[in-house]
Amino acid sequence: DEIFQWLSATVHIVVVDVNEYSPTFLEPSYVKQVDEGRLYDQILRVEATDRDCTAKFGDICKYEILTLDQPFLIDNDGWTAADPTPT
C-alpha cells in the first residue's frame, strides 16, 4: 500500500496601490501542484495590470512576497519559485 501525504502552502499576495485605480490580477486565484523535494526554476506566474497607467507604463514594475519564513521567491515578472536557500 502506498501512503500519500498532501501538504499545501498558501501564499497571499497583496497589491499596494499608490494612485486612483488599484492594480488587478488577471486571475482571481492561482493554484499549482508541485512534487515534494523537487526544485523548480519556475512554479507559476502571477500577473496584474493597472488602469491608471498608459500602455507604455501599464505593467506592474515589481512583485514582492512580504511574508517572512516562507519557502518561495517571486521575480519582477511575477514568476514564483521555491527558495533554494530557505532560512
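Report, by chain and number, residues whose modeled amide H sits under 5 Å from the one on L44, excluding near sequence neighbours (fewer than 5 apart, same chain). Amide H neighbours of L44: T80. With a simple spin-label model that places each label point 7 Å from the Cα along the Cα-to-Cβ direction, the separation between R51 and Y21 comes to 0.5 nm. In order along the stretch 41-52, the Karplus-derived 3J(HN,Hα) couplings, from 6.51 cos²θ - 1.76 cosθ + 1.60 at θ = phi - 60°, round to 5, 9, 9, 7, 10, 9, 8, 10, 10, 9, 5, 5 Hz, and Gly and Pro are given as x.
Counting only protein heavy atoms and using a 1.4 Å probe, the accessible area of D75 comes to about 60 Å². For the set Y21, Y40, Y63, the ranking by accessible area, highest first and with no ligand, DNA or RNA atoms included, is Y21, Y40, Y63 under a 1.4 Å probe. Note on surface exposure: V46, V31 rank V31, V46 by accessible area, highest first, 1.4 Å probe. In this structure I65 has an accessible area near 40 Å², from a 1.4 Å probe over the protein heavy atoms. Taking D35, D52 and ordering them by how much accessible surface each has at a 1.4 Å probe, largest first, produces D35, D52.
The values are calculated or read from the model by the stated rules, or taken from the named source; none is laboratory data. None of these values were measured; they are calculated from a predicted model. Every residue, glycine as well, gets a Cβ built from its backbone with ideal geometry; the counts of neighbours run over all protein chains shown. The protein model used for the area step is the full one, side chains on, heavy atoms only, and it has no ligands, DNA or RNA in it. Shrake-Rupley method; radii C 1.70, N 1.55, O 1.52, S 1.80 Å.
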